[in-house]
Amino acid sequence: MDEGGFFGNWAADEDGLPCFDLETAPPDNVALVLPCGDRRRAWHQVGNDRVTATAHAGGWTSLYASEGGFIRLNGVDPDHPDELGGMWAVRVSQGRDLLSPFTQGAAIEARWGTGYAEWKATSPELELHRRVWAPFGDVPGLRVDVEITAREGTGLPDAEYMELWGFKPYPFLLGGLMSKRLPAPGGYSSLYKIIWHTMFTVSSLSRTLTEGYRHLYATRLSLEGGFDSELGAIILMPKVSSDYALPSRPSVFVRIPGAVFLALVSEDGAIPEAGADKGSVTARFGVPLSPGGRSKSLSFAVGIARPGEIPGLIEKLRAADRSETARSWRGVTLLETKAHTGLAREVFWHAYYLRSSKVRDAFFDCQYVTQGSAYGFLHGVQGAPRDYAITSVPLTYLDPAGAKDLLRIIMRMTRSDGAVYYAHHGQGACTSGVIHETPTDLPLFFLWALTEYVWATGDFAFLDEQVTFYPRGRKKAGSSTVRERALLAWDYTRDGVGLGEHGMLRVGSGDWSDPIAMMASRSRAFHKDGESAFNTALAVYALPRAAELVADSHPREAAAMRDFARDLKSVMEDAWRGRWFLRGWDGRGSPIGDDHLFLDAQAWCLIAGIGSDEQRKTLVRTIAELCDNPSPVGATILDRPHRIRYGMLAPGWDCNGGVWAAINGLLAWAYALHDPDLAWRSLEKQSLAAHARAYPHVWYGIWSGPDSYNAHYAERPGETFVHPATPMIEYPVMNSNVHAGPLLALLKVLGVEGTPEGIRVNPRLPEGAGPWRLSTTLVEVEYDGHSTKLSRPPGDQ
């Protein structure tokens with residue numbers, strides 16, 4: 001058990017990179033939390049800069065398309081094996097399988113690695129190794145390597161190896177309420193149980209309708225095709241012709257942006273076949289084994305590209321080198337420390353998961369890191385821009401080009417008046433996400449991320465780049481420079497958001513905490529006149545940095561930003577309540593957070609240096625005592641559950657007391673400025689290893705996880721939330737924040753920060769932390785326990 005829970009163990013692969021070996025036999029007398037109760041369905045992300053796939057413990061793989069909107073190309077239900085991607089079998093005459101994922105008695109072991117998944121299957125006659133991997137970089141395809149070996153004392157049978165990819169595209173058209181029926185929490189009153197049951201009945205109906213129109217639309221995405229003898233590949237095209245040009249206008253609908261292909265790229269004779277059945281089409285390659293021989297090695301390529309690009313892509317996949325891919329991933333980030341090997345492993349793993357979440361969007365004409373989890377893979381929405389901003393800060397050091405694209409997509413989701421949309425779906429269709437017409441924190445998150453990127457990389461030329469407003473393609477949309485976007489974000493914050501009665505920034509339709517309005521007595525008054533300490537404290541930190549960024553070209557505006565931030569700081573200092581700061585005002589004259597500690601706003605207060613030294617020391621002690629110390633996996637977002645309108649959020653779930661990766665990333669940074677010992681402890685507590693030790697029976701939180709875990713005192717502690725809109729528990733991995741938060745925390749605890757003069761390193765570590773060396777795409781830093789050495793100049797990409 002320990003850092004792999006009841007699900008396996010961490011190891012190092014042949015390239016010396018972290019990998020996770022799944023346990024094949026479940027422990028006795030342990031109630032495991034599994035996806036749909038089926039251990040085979042547990043999955044791992046396999047990806048690069050252009051492709052996303054999920055590899056499942058049972059032996060199959062699902063491939064996703066993103067350029068024309070999010071589409072899952074293969075099924076995921078093992079009850080329908082003909083729809084699964086990446087299936088395989090060693091088949092003898094009359095269709096009997098000697099070995100396959102569904103062969104009775106076959107033993108299948110799985111390994112999750114950096115950019116790959118690997119399965120080992122054995123039977124009395126055979127041993128089969130199969131690896132699906134994504135070459136590093138801008139390659140929209142996967143390579144499949146297979147080695148079949150006869151067991152000792154036998155030879156290969158007279159059989160053929162079958163590589164089978166079932167394709168049944170499923171479009172992630174926008175889904176609103178997506179939760180299925182769920183029993184009400186145990187402590188609810190009879191009235192609240194009735195309300196809960198009603199809400200989830202409505203949500204379940206909404207889910208059914210959403211899946212219905214998705215399946216109906218999927219008929220437009222059906223594939224057809226056959227074997228192309230010149231390419232040596234099975235080529236499948238959408239039955240309804242698809243335009244491969246850059247879309248000129250946003251659309252709520254999706255399209256397959258090319259053709260899907262499966263090719264044999266090793267030098268072996270094969271029998272290709274493409275067959276259709278009930279809306280799905282299966283691409284098959286049958287390769288005869290060598291009867292009596294000892295082994296057989298095969299390689300395949302699968303992917304999606306415009307037809308004219310497929311020949312070059314097949315050749316690129318044919319020539320791909322696994323060792324080169326491993327070396328490339330090692331160059332993204334590497335932490336070397338003898339004292340904290342587990343932390344070093346997780347830093348590398350988080351960096352892999354974050355960067356391999358990148359996909360391309362044709363409408364926005366750039367790449368972005370999906371927020372993933374239930375938001376992307378159930379709702380079909382991408383965003384929010386605040387999550388892009390949070391991700392872009394660590395990505396600035398790991399993948400500067402990726403961070404730059406995230407800033408671009410935020411700007412391309414911005415209207416000419418400065419308001420930023422909450423999310424996007426389909427092909428560039430921006431939306432309020434049902435709950436947020438114009439979230440008021442987004443321009444401030446953009447300013448924070450922009451200054452970090454420009455200062456750390458030295459890419460000041462980016463400030464002069466022209467970027468279009470949303471929606472691109474309309475005559476009135478227009479464009480402006482990045483520098484002008486920074487000024488627009490400031491104007492919108494000052495004039496569009498504005499100040500409330502008590503001098504804090506208004507909350508508008510919401511800030512970082514999506515359900516904060518449900519904690520106010522009247523939501524209409526809160527949206528109209530409510531005030532946000534989160535926005536205010538974030539502005540105190542972000543605005544002076546943004547002012548420094550534009551000071552040379554716009555000194556008057558820079559001075560106004562500094563004055564505004566100074567006034568906001570004074571307002572926040574007046575919001576001190578003896579042990580913490582208020583969370584805001586409800587729009588009717590009553591404070592929010594007078595008798596509850598809201599961690600999200602407190603973290604920014606500490607980072608921005610709001611309050612006296614003694615007040616901040618008190619705040620640090622209070623956070624540790626009430627939110628951090630009781631929890632085994634990071635601080636809870638509230639000191640205790642808050643009253644929620646209609647009981648929509650169970651106590652200890654989601655924003656009603658859950659443990660949030662993004663906020664814990666900020667908390668470690670905040671701690672580091674005041675108490676390095678707590679900062680280091682925070683790094684350890686928010687680790688995947690800590691979750692595996694505390695909740696070893698939960699399948700997620702070991703190699704990936706959601707954005708929020710249920711609190712230690714909640715029902716189903718250590719799992720994740722469900723509310724009428726979002727059943728996070730159904731897709732509780734591949735969330736960007738669970739990987740970006742710890743990376744942000746590490747960089748700030750190690751003292752890595754962008755400044756106007758470039759990267760500055762000022763470690764904020766406890767005594768005994770020992771020497772370390774951090775190497776990323778952008779910078780290399782060495783710390784010998786006393787002093788630091790910056791061994792790569794800032795801006796050298």
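The values are calculated or read from the model by the stated rules, or taken from the named source; none is laboratory data. In this text, all values refer to a predicted model and were calculated from it rather than measured experimentally. Here Cβ is always computed from backbone atoms with ideal geometry, including for glycine, and neighbour counts include all displayed protein chains. What goes into the accessible areas is simple: the full protein's heavy atoms, side chains included, and nothing from ligands, DNA or RNA. Shrake-Rupley method; radii C 1.70, N 1.55, O 1.52, S 1.80 Å.
Return yes or no: is Arg318 touching a strand residue (DSSP E or B) at 6+ places or on another chain (Cβ under 7 Å), touching a residue at least 24 places away in the same chain (Cβ under 8 Å), farther than 17 Å from Gly137 by Cα and basic (Lys, Arg)? Here the answer is no, as Arg318 does not meet what is asked. Among the candidates Ala351, Ala301, the residue that is in contact with a helix residue (DSSP H, G or I) (Cβ under 6 Å, 6 or more places away or on another chain), modelled with pLDDT of 95 or more, under 20 Å from Asp138 (Cβ atoms) and not in a helix (DSSP H, G or I) is uniquely Ala301.
Just to be sure before I move on: is Val761 in contact with a Phe, Trp or Tyr (Cβ under 9 Å, 6 or more places away or on another chain) and closer than 22 Å to Leu667 by Cβ in the structure I sent? Criteria met by Val761.
Residues that are touching a residue at least 12 places away in the same chain (Cβ under 8 Å) and not in a helix (DSSP H, G or I) within the stretch 477-498 comprise Ala477, Gly478, Ser479, Ser480, Thr481, listed in sequence order. Is there a residue being farther than 27 Å from Leu774 by Cβ, modelled with pLDDT of 95 or more and touching a Phe, Trp or Tyr at 6+ places or on another chain (Cβ under 8 Å) anywhere in the stretch 395-402? There is no residue in the stretch 395-402 that is farther than 27 Å from Leu774 by Cβ, modelled with pLDDT of 95 or more and touching a Phe, Trp or Tyr at 6+ places or on another chain (Cβ under 8 Å).
May I ask you to verify whether Ser736 is open to solvent by less than 20 Å² (accessible area, probe 1.4 Å), modelled with pLDDT under 95, among the hydroxyl-bearing types (Ser, Thr, Tyr) and under 27 Å from the mean Cα position of the chain (by Cα)? Considered against the rule, which asks whether it is open to solvent by less than 20 Å² (accessible area, probe 1.4 Å), modelled with pLDDT under 95, among the hydroxyl-bearing types (Ser, Thr, Tyr) and under 27 Å from the mean Cα position of the chain (by Cα), Ser736 comes out as no.
Of note, Leu313 does not satisfy the criterion of being in a strand (DSSP E or B) and in contact with a strand residue (DSSP E or B) (Cβ under 9 Å, 6 or more places away or on another chain).
Taking the stretch 148-176, which residues are of a type in the set (A, V, I, L, M, F, W, C) and modelled with pLDDT under 95? Of everything in the stretch 148-176, those that are of a type in the set (A, V, I, L, M, F, W, C) and modelled with pLDDT under 95 turn out to be Ile148, Ala150, Leu156, Ala159, Met162, Leu164, Trp165, Phe167. Would you check if Arg545 is closer than 20 Å to Ala601 by Cβ, modelled with pLDDT of 95 or more, basic (Lys, Arg) and surrounded by fewer than 21 Cβ atoms within 10 Å (Cβ to Cβ)? Criteria met by Arg545.
Any residue at all in the stretch 704-724 that is under 30 Å from Met178 (Cβ atoms) and in a strand (DSSP E or B)? Yes: one or more hits.
At least 2 residues being under 19 Å from the mean Cα position of the chain (by Cα) is the threshold, and among the helices (runs of 4 or more DSSP H) wholly inside the stretch 609-701 those reaching it are 661-672, 688-694.
For Ser357, indicate whether it is polar (S, T, N, Q) and within 30 Å of Ala89 (Cβ to Cβ). The answer is no for Ser357. The listed residues are Ala461, Ala449, Ala423, Ala403, and the only one of them that is surrounded by fewer than 24 Cβ atoms within 10 Å (Cβ to Cβ) and not polar (S, T, N, Q) turns out to be Ala461. Taken as a whole, the structure places Ala107 among residues that are open to solvent by 40 Å² or more (accessible area, probe 1.4 Å) and under 23 Å from Val287 (Cα atoms).
Selection of the stretch 548-568 for residues being open to solvent by less than 70 Å² (accessible area, probe 1.4 Å) and closer than 22 Å to Arg583 by Cβ yields Phe564, Ala565, Leu568. No other residue among Ser323, Ser299, Ser328, Ser290 is more than 29 Å from the chain's Cα centre (by Cα), surrounded by fewer than 18 Cβ atoms within 10 Å (Cβ to Cβ) and small (Gly, Ala, Ser) apart from Ser290. Residues in the stretch 157-198 that are buried (at least 21 other Cβ atoms within 10 Å of the Cβ) and over 30 Å from Ala65 (Cβ atoms): Ala159, Trp196. When you scan the stretch 658-678, how many residues do you find that are open to solvent by less than 20 Å² (accessible area, probe 1.4 Å) and over 30 Å from Met648 (Cα atoms)? The qualifying residues number 4. Here Ile623 does not fit the description of being of a type in the set (Val, Ile, Thr) and touching a strand residue (DSSP E or B) at 6+ places or on another chain (Cβ under 6 Å).
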